[in-house]
1. Which members of the stretch 10-53 meet the condition of being open to solvent by 50 Å² or more (accessible area, probe 1.4 Å), of a type in the set (A, V, I, L, M, F, W, C) and either in a strand (DSSP E or B) or under 15 Å from Leu72 (Cα atoms) (or both)?
2. Are any residues in the stretch 79-95 modelled with pLDDT under 85 and open to solvent by 30 Å² or more (accessible area, probe 1.4 Å), and if so, which ones?
3. Read through the list (1) without any contact (Cβ under 8 Å) to a residue 12 or more places away in the chain; (2) exposed (fewer than 15 other Cβ atoms within 10 Å of the Cβ); (3) of a type outside the set (S, T, N, Q), then give the number of the only condition that Gly58 fails.
4. Any idea which of (1) outside any helix (DSSP H, G or I); (2) in contact with a Ser or Thr (Cβ under 7 Å, 6 or more places away or on another chain); (3) modelled with pLDDT of 90 or more is the one Leu76 doesn't satisfy?
5. Give the residues of the stretch 24-50 that are closer than 16 Å to Tyr131 by Cα and modelled with pLDDT of 95 or more, sorted by residue number.
6. Within the stretch 16-52, can you find the residues that are over 19 Å from Val146 (Cβ atoms) and touching a residue at least 40 places away in the same chain (Cβ under 8 Å)?
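The values are calculated or read from the model by the stated rules, or taken from the named source; none is laboratory data. Since the model is a prediction, treat every value here as computed from it, not as a measurement. Using ideal geometry, Cβ is built from the backbone for each residue, glycine included, and neighbour counts are taken over all protein chains shown. Side chains included, ligands, DNA and RNA excluded: accessible areas come from the protein's heavy atoms. Shrake-Rupley method; radii C 1.70, N 1.55, O 1.52, S 1.80 Å.
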Amino acid sequence: MPLTRYSDARLPTPHGEFRIVVYRTDPNSMTEEHVAMVMGEPTGDAVLARVHSSCFTGEVLGSLRCDCRAQLDAALARIAREGKGVLVYLVQEGRGIGLGNKVKAYALQDEGHDTVEANLQLGFDADHRSYDLAAQILSDLGVRSVRLMTNNPAKLAGLENAGIAVVAHEPHWVDAGEHASDYLEA
């Protein structure tokens with residue numbers, strides 16, 4: 001899928017000043033935009049990075065079913081402490097199944113299914129996300145290899161398979177409440 005760098009600006013945040021870079025898979029459409037939050041000049045090798053998938057329920061509505069908002073904040077804070085790095089924010093709600101299906105999965109979880117079982121019951125893979133766009137974004141920014149902040153081995157393999165070398169795995173655990181424990185175990 002072709003990716004176009006669409007816009008870029010300075011973005012002050014509680015963690016410091018970042019540069020926000022917006023990418024589009026279709027330059028004429030506003031429906032699928034992905035973001036890179038860039039601090040410093042993170043080009044070359046061993047760049048601190050996180051690939052983060054959108055989570056409307058956790059990041060905007062404050063859902064306690066996941067730790068997505070805490071992971072997003074922790075990643076931005078860590079990049080700010082180092083003074084250089086990239087957070088790639090991909091529109092892949094609900095492990096890539098979309099918001100409506102994610103809410104259907106929540107209903108199945110309320111009946112006792114875990115996240116993976118719910119996705120499978122809805123006819124999706126356990127994790128439907130792709131990391132090809134993240135690799136394209138990192139490459140566009142001049143990143144050749146990363147120190148990846150993640151708890152998901154699939155992200156490590158996904159980036160490697162898409163051409164971005166992962167030179168270090170940086171575990172990215174955050175405190176999660178009781179409502180998120182089942183999600184994290186799955």
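1. Of the residues in the stretch 10-53, the ones open to solvent by 50 Å² or more (accessible area, probe 1.4 Å) are 10-12, 14-15, 17, 19, 26-28, 30-33, 41, 43, 45.
Now drop any that are not of a type in the set (A, V, I, L, M, F, W, C), which leaves 11, 30.
Scanning the stretch 10-53 gives a single hit, Leu11.
2. First, the residues of the stretch 79-95 that are modelled with pLDDT under 85: 92-95.
Hit for the stretch 79-95 is Arg95, nothing else.
3. Among (1) without any contact (Cβ under 8 Å) to a residue 12 or more places away in the chain; (2) exposed (fewer than 15 other Cβ atoms within 10 Å of the Cβ); (3) of a type outside the set (S, T, N, Q), the lone unmet condition for Gly58 is (2).
4. Looking at each condition in turn, Leu76 falls short on (1).
5. From the stretch 24-50, those closer than 16 Å to Tyr131 by Cα are 24-25, 32-36, 49-50; that's our starting set.
Answer for the stretch 24-50, where residues must be closer than 16 Å to Tyr131 by Cα and modelled with pLDDT of 95 or more: Val35, Ala36, Ala49, Arg50.
6. Across the stretch 16-52, the qualifying residues are Gly16, Thr25, Glu32, Glu33.
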